[in-house]
Amino acid sequence: MNKNSSNIMALVPNNSNKRETVCIFGTGDFGTSLGHKIIQSGYPVVFGSRSTEPSSLVPKDAEVLSHAEASQKAAIIIIAIQRQHYNFLTPLAEILHGKILVDISNNRKINQYPESNAEYLAQLVPGAKIVKAFNTVSAWALLSGMLDASQQVFVCGDDMEAKQKVMDIVRALGLNPLDKGSLLAAQEIENYPLQLFPMWKFPILLSLGLTAFFFFYCLIRDIIYPYVYEKEDFSFFIAISIPNRICPTLALILLALVYLPGVLAAIIQLYRGTKYRRFPVWLDKWMLCRKQLGLVALAFASLHVLYTLVIPIRSFVRWRIGNQIVSQALNNRTEPLNNTNAWLSDSYLALGILGFFLFVVLGITSLPSVSNTVNWREFRFVQSKLGYLTLILCTAHVLVYGGKRFLSPSSYRWYLPSTYMLSLIIPCIVLVVKFVLIFPCLEKPLTQIRQGWERNPQYPEQSNYIINKSAV
Ligand code: NAP
């Protein structure tokens, strides 16, 4: 019997209910966990191992044979072995000719090797059909029933039929296969499990840096300054007052930083007169993590709301209010209601409430389950129009909070302005530039550039042709 006919035999089930045998090379953690799950799904499993003495981990319904013997019993062979040991496959190349080899391996580092493990396997066994799959599933998740793990299995390979067979096994295990195309996608799939919150790195590092900066800034202004000049100990401000200054400051700055790259991109496109040149890498990366920046900003805004709600029950606040009442009683004098202050205070609170409400709406619409239900225009309306409205409301909230205090000398301690003044710098820049960009003399050319118009076209004949056609 030639080797092709042995492959065909392996694919033909013994009876109508029986599924084809699956071979697994390697009786380690992953091989045995996957073996258990595949047997449960109704596939006979045979293991290929260096030792034919089965370990206690091997499912009892499975046979353990040498690699050569096991591979002859199946058309699909799952290689549950680390890449560095793959060279044992070279002498088996002839037996493995025409078989489907499933590469499930991962590396320790992103782009550890010049080629993906699956492509390396294809070089070692040129006659085999290589499929990459299962590498994003863990042995532990397989054993624990995949209840609290991702059900997604990324699959790629150059042979469509081989890929379909592997996807059938994935489905039989109760998992969801996602076809990522040819074997060229293997490197990307191998990098998935090694990524550590790639989009969150910049927002988290930035907010940690800003938090540290504003913490020391507030420490100098609110604790060290009164201690030096008034011998007052306000060190307890560290618990609530200072966090309640840092949180709104960061929320507003980070929200503005969500919209700043869009404004910068518009300026760059207007300056270059084309959209067909790449933005600088830093701007590209900044644009990609705007959602995460916005969500971190929302987290700070939520903390600000919580810190603000506890203000009336703070001992310091109750002591100060009590003192004011007693001093009014001792002086037999009541303060008349200041209507302007009442208006300012209520407006500031109302702007804050509305701003926070829209901020939450923005956060909710950025969730994949919600954003998948809206179309592109609706998503842009919420994220751009409502986003700018949120930025306007939150900036106005801080401006009204500042009110007359902007000009008061007591707001500047050691020439350092209050944190809320610093928090206004970036939002005001973003809003002013955005306002300028709305003027028709800038908005019109920008819209044309975004529709493909170029000031100095690279291919003049082609753009003339388009202009002539549109004129017709
Ligand atoms: P493991 O527990 O160390 O098992 C590896 C198996 O490879 C061994 O049990 C051994 O099986 C075989 N082996 C070791 N040295 C060999 C050599 N020199 N020649 C031939 N075979 C050799 O590792 P594992 O955790 O199962 O991982 C196996 C593969 O699955 C790796 O590529 C890993 O990246 C991938 N993976 C693992 C997980 C996971 O959660 N563990 C998740 C996704 C992907 P025999 O003794 O039977 O020969």
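Values computed for the structure shown
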read-out: Long-range Cα-Cα pairs in the range 322-431 (distance over 20 Å), rounded percent; value: 60 percent
read-out: Cross-link reach list, lysines versus K434, counting only Cα pairs under 18 Å and skipping chain neighbours closer than eight places; value: K385, K444
read-out: Dipole magnitude of the range 212-361 about its Cα centre (Cβ charges: Lys, Arg +1; Asp, Glu -1), debye to nearest 20; value: 740 debye
read-out: Karplus 3J(HN,Hα) series, Hz, for the range 300-308 with 6.51 cos²θ - 1.76 cosθ + 1.60 (x for Gly, Pro); value: 5, 5, 5, 5, 4, 4, 5, 4, 6
read-out: Dipole magnitude of the chain about its Cα centre (Cβ charges: Lys, Arg +1; Asp, Glu -1), debye to nearest 20; value: 1340 debye
read-out: Rg [Å, one decimal], Dmax [Å, integer] - the range 282-346, C-alpha atoms; value: 20.9, 65
read-out: Ellipticity estimate at 222 nm from DSSP helix runs (n ≥ 4, -39,500 (n - 2.57)) divided over the chain, nearest 500; value: -16500 deg cm²/dmol
read-out: Most to least packed among 25-37, 283-295 [average Cβ atoms within 10 Å]; value: 25-37, 283-295
read-out: Inter-label distance, nm, simple model (7 Å from Cα along the C-beta direction), Q324/A93; value: 8.6 nm
read-out: Apportionment of accessible area to carbon and sulfur, the range 317-367, percent (1.4 Å); value: 66 percent
read-out: Degrees between helix 440-450 axis and first principal axis of the chain (Cα, 0 to 90, nearest 10); value: 10 degrees
read-out: Nearest-ten-degree value, helix 315-330 long axis tilted from longest Cα axis of the chain; value: 10 degrees
read-out: Sorted peptide list for 254-265, 101-112, criterion being average Cβ within 10 angstrom, highest first; value: 254-265, 101-112
read-out: Where L367, L416 fall by accessible area, highest first, once all protein chains stay in place (1.4 Å); value: L367, L416
read-out: Normalised alpha carbon radius of gyration of the chain [divisor 2.2 N^0.38 Å]; value: 1.42
read-out: By average C-beta atoms within 10 angstrom, highest first, the peptides 63-69, 135-141, 313-319; value: 135-141, 63-69, 313-319
read-out: Label-to-label distance, nm, for residues given as E443 and N456 (7 Å Cα→Cβ offset); value: 2.9 nm
read-out: W140-S347 pseudo-label distance in nm [points 7 Å out on the Cα-to-Cβ vector]; value: 5.6 nm
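The values are calculated or read from the model by the stated rules, or taken from the named source; none is laboratory data. Just so it is clear, the structure is predicted and the values come from calculations on it, not from any experiment. Because the Cβ atoms are built from the backbone with ideal geometry, glycine has one as well, and the counts that use them run over all protein chains shown. Surface areas here come from the heavy atoms of the whole protein model, side chains and all, with no ligands, DNA or RNA. Shrake-Rupley method; radii C 1.70, N 1.55, O 1.52, S 1.80 Å.
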